[in-house]
Amino acid sequence: MAQLIQRSSNPQVSIDASTIDLVDESLVAEFEPDWTANGLLDAASAGGAARILCGQEIGQVDVTAELWDCPPPLEADDWQDAAELSVHWPSTLMDFGTTTAGESEDTALTLPSPGDYRIRVHGRHRDDGDPRDDGDPVEEYLIQVWPAQPTEPALHKSTSNHSMLWMG
């Protein structure tokens with residue numbers, strides 16, 4: 001049975017240019033993502049970086065990241081979109097953004113070692129306005145990570161208009 005190793009959560013992760021960047025210790029995600037496969041997630045071919053496509057261009061989103069020892073159960077019912085892919089991670093740090101105060105506190109996972117991992121991302125409230133007004137639902141993401149040999153990307157669910165727009 002899958003065991004949760006670590007959970008990091010922050011309800012006010014700042015996004016800019018419509019993405020949440022997952023970065024290693026270099027803190028840089030310099031690659032052009034291809035959103036056409038799933039409208040949600042892509043990773044740098046060289047490893048060490050991934051991007052999540054958000055419904056807002058600029059704002060704050062609620063992000064929870066989890067490190068598991070093996071694949072967690074897929075629970076996509078309460079989410080609009082869910083996709084996963086393999087990535088090589090060259091360090092033990094996986095940081096997922098800065099807060100509104102510009103700090104990266106509570107926005108990182110500590111991986112057991114550099115190596116190959118699987119990243120699954122769930123997203124919801126992606127179609128609920130840009131910019132968001134007070135009272136609009138907060139855009140939310142769940143990032144699940146576990147050690148795994150590379151395999152083909154998987155699209156588990158795609159129901160948001162935002163995702164479908166990018167997938168064509």
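The values are calculated or read from the model by the stated rules, or taken from the named source; none is laboratory data. These numbers were taken from a predicted model, which means no experiment stands behind them. Quick reminder, even Gly has a Cβ in these numbers, built from the backbone with ideal geometry, and neighbours come from all protein chains shown.
Conditions tested, residue by residue: (1) modelled with pLDDT of 95 or more; (2) over 22 Å from Asp81 (Cβ atoms); (3) assigned to a loop (DSSP other than H, G, I, E, B).
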site	(1), (2), (3)
Asp21	no, no, no
Trp35	yes, no, yes
Asp42	yes, no, no
Gly47	no, yes, yes
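What residue, of Arg124, Arg120, is under 19 Å from Ala2 (Cα atoms), surrounded by 14 or more Cβ atoms within 10 Å (Cβ to Cβ) and without any contact (Cβ under 8 Å) to a residue 60 or more places away in the chain?
Arg120
Which pairs turn up if I take residues in segment 24-35 that are over 12 Å from Trp89 (Cα atoms) and look for partners that are part of a loop (DSSP other than H, G, I, E, B) with beta carbon separation below 6 Å, at least 6 apart in sequence or on another chain?
Taking only residues 6 or more apart or on different chains, the pairs are Phe31/Ala44.
How many residues, within segment 14-29, are among the β-branched types (Val, Ile, Thr) and within 21 Å of Trp146 (Cβ to Cβ)?
Within segment 14-29, residues that are among the β-branched types (Val, Ile, Thr) and within 21 Å of Trp146 (Cβ to Cβ) number 2.
Just checking, which of Gln12, Gln80 is closer than 23 Å to Asp106 by Cβ and either surrounded by fewer than 22 Cβ atoms within 10 Å (Cβ to Cβ) or more than 12 Å from the chain's Cα centre (by Cα) (or both)?
Gln12
Report whether or not Gln60 is assigned to a strand (DSSP E or B), of a type in the set (S, T, N, Q), touching a strand residue (DSSP E or B) at 6+ places or on another chain (Cβ under 8 Å) and surrounded by 21 or more Cβ atoms within 10 Å (Cβ to Cβ).
Spelling it out, it is not the case that Gln60 is assigned to a strand (DSSP E or B), of a type in the set (S, T, N, Q), touching a strand residue (DSSP E or B) at 6+ places or on another chain (Cβ under 8 Å) and surrounded by 21 or more Cβ atoms within 10 Å (Cβ to Cβ).
Hand me the list of strands (runs of 3 or more DSSP E) wholly inside segment 64-168 holding 3 or more residues that are out of contact with any Ser or Thr (no Cβ under 8 Å at 6 or more places or on another chain).
The qualifying strands (runs of 3 or more DSSP E) are 81-89, 115-124, 140-147, 154-158.
If you take the residues in segment 130-168 that are among the small types (Gly, Ala, Ser) and either in contact with a Phe, Trp or Tyr (Cβ under 9 Å, 6 or more places away or on another chain) or surrounded by 14 or more Cβ atoms within 10 Å (Cβ to Cβ) (or both), which one is farthest from Leu85 (Cα to Cα)?
Taking the candidates together, the pick is Ser160.
If you take the residues of segment 96-137 that are under 18 Å from the mean Cα position of the chain (by Cα), of a type in the set (D, E, K, R) and at pLDDT 90 or above, which of them is nearest to Cys54 (Cα to Cα)?
This residue is Arg126.
So is Arg132 of a type in the set (Lys, Arg), in contact with a strand residue (DSSP E or B) (Cβ under 8 Å, 6 or more places away or on another chain) and in contact (Cβ under 8 Å) with a residue 60 or more places away in the chain or not?
yes
Return yes or no: is Asn38 in contact (Cβ under 8 Å) with a residue 40 or more places away in the chain, buried (at least 20 other Cβ atoms within 10 Å of the Cβ) and more than 21 Å from Asp106 (Cβ to Cβ)?
In short, yes.
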